[in-house]
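Here the structure comes first, spelled out in structure tokens, and everything after it is commentary.
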Amino acid sequence: MAGLLEGRSAIVTGAGGGVGLAIARRFAEEGATILLTDRDEDALDAEADALLESGAKVHRWCCNLREKLGIANLIASATDRLERIDILVNANLTPVRGDAMAVDVETFDSAWAANVRSVFLLSQAAARRMIEARAGAADAPGAAIVNISSIAAQRTTPQLFPYSVACAALEQLTRSMAVSLAPSGVRVNAVALGAVMTRAMVVALRETEGLREALVRATPMGRIGEADEAAEAALYLASPRASFITGQILAVDGGRMALDPLATPQQ
């Protein structure tokens, strides 16, 4: 039985670990050919080698997506190594800390560059290639962009001000690009993560006493989500099963967004 993504090619950013890696693994299981990218070359090489050993069809490209040249080189590499670009997953979400009245402009700009500017530039460049590939091939599958965001876009945490603002912008970017690209057959959606085991979450849980308990209490399902669970949402949005879905933000949060902030989950 053919996989959901058999015959499709995907770029997955942030694939050196966490949610990006979980997405890459899940896509590979469903038959996709994947170009993995991350700024951490050692992590990228280790995970790419492991996927190759499992029989997955993967390539790798280490780059800094905060630089226009890095994005241009990534697209050139994808064009050279993949039959075409069918799917782009922007999974390089980067938490940046700071209070609204204390954060400096350099930190704010860093959050914007990592979480909004890089996604905009890469999505724009990839979408152009997606459109070109489909203009001359009637049998080409529909294309999809999936952005990894956070419920921080709608749930304010004072010490994550620059990150929350960037996530809110990322979600509007998702909707706006979805409308612009819909006539060309390119769908754009996002997965908004709650308390999920991203690379940043692993570090935060290790360094912040009581955080795990607080997150569990705030989550109606009473636990922290796994990266694999976020990967399932990304797979659905990237697959033909979501062929009439675009411009949507799918929360993977164990019910946190559904809960009145003043209420206490019954667990």
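Side notes on the structure shown:
- Close Cβ contacts (under 8 Å, 6 or more residues apart or on different chains) running from residues in region 33-50 that are in contact (Cβ under 8 Å) with a residue 24 or more places away in the chain to residues that are of a type in the set (Lys, Arg) and part of a helix (DSSP H, G or I) comprise Leu35/Arg81.
- The listed residue being within 19 Å of Leu93 (Cα to Cα), out of contact with any helix residue (DSSP H, G or I) (no Cβ under 7 Å at 6 or more places or on another chain) and of a type in the set (Lys, Arg), out of Arg175, Arg199: Arg175
- When Pro220 is tested against (1) more than 22 Å from Asn115 (Cα to Cα); (2) assigned to a helix (DSSP H, G or I), exactly one condition is not met: (2).
- Within region 129-151, considering residues that are aliphatic (A, V, I, L, M) and surrounded by 22 or more Cβ atoms within 10 Å (Cβ to Cβ), the one farthest from Met257 (Cα to Cα): Met130
- Subset of region 223-243 [within 16 Å of the chain's Cα centre (by Cα) and either part of a helix (DSSP H, G or I) or hydrophobic (A, V, I, L, M, F, W, C) (or both)]: Ala227, Asp228, Glu229, Ala230, Ala231, Glu232, Ala233, Ala234, Leu235, Tyr236, Leu237, Ala238
- Taken over region 151-169, the criterion of being aliphatic (A, V, I, L, M), out of contact with any Cys (no Cβ under 8 Å at 6 or more places or on another chain) and without any contact (Cβ under 8 Å) to a residue 60 or more places away in the chain is satisfied by Val165, Ala168, Ala169.
- When the residues of region 1-33 are filtered to those that are more than 11 Å from the chain's Cα centre (by Cα) and of a type in the set (A, V, I, L, M, F, W, C), the one that is surrounded by the most Cβ atoms within 10 Å (Cβ to Cβ) is Phe27.
- Top-ranked residue of region 50-69 - restricted to ones that are in contact with a strand residue (DSSP E or B) (Cβ under 9 Å, 6 or more places away or on another chain) and not hydrophobic (A, V, I, L, M, F, W, C), ranked as nearest to Arg8 (Cα to Cα): Lys57
Laboratory data are not the source of any read-out in this text; all were calculated from the coordinates shown. Since we're looking at a predicted model, the values are computed, not measured. Because the Cβ atoms are built from the backbone with ideal geometry, glycine has one as well, and the counts that use them run over all protein chains shown.
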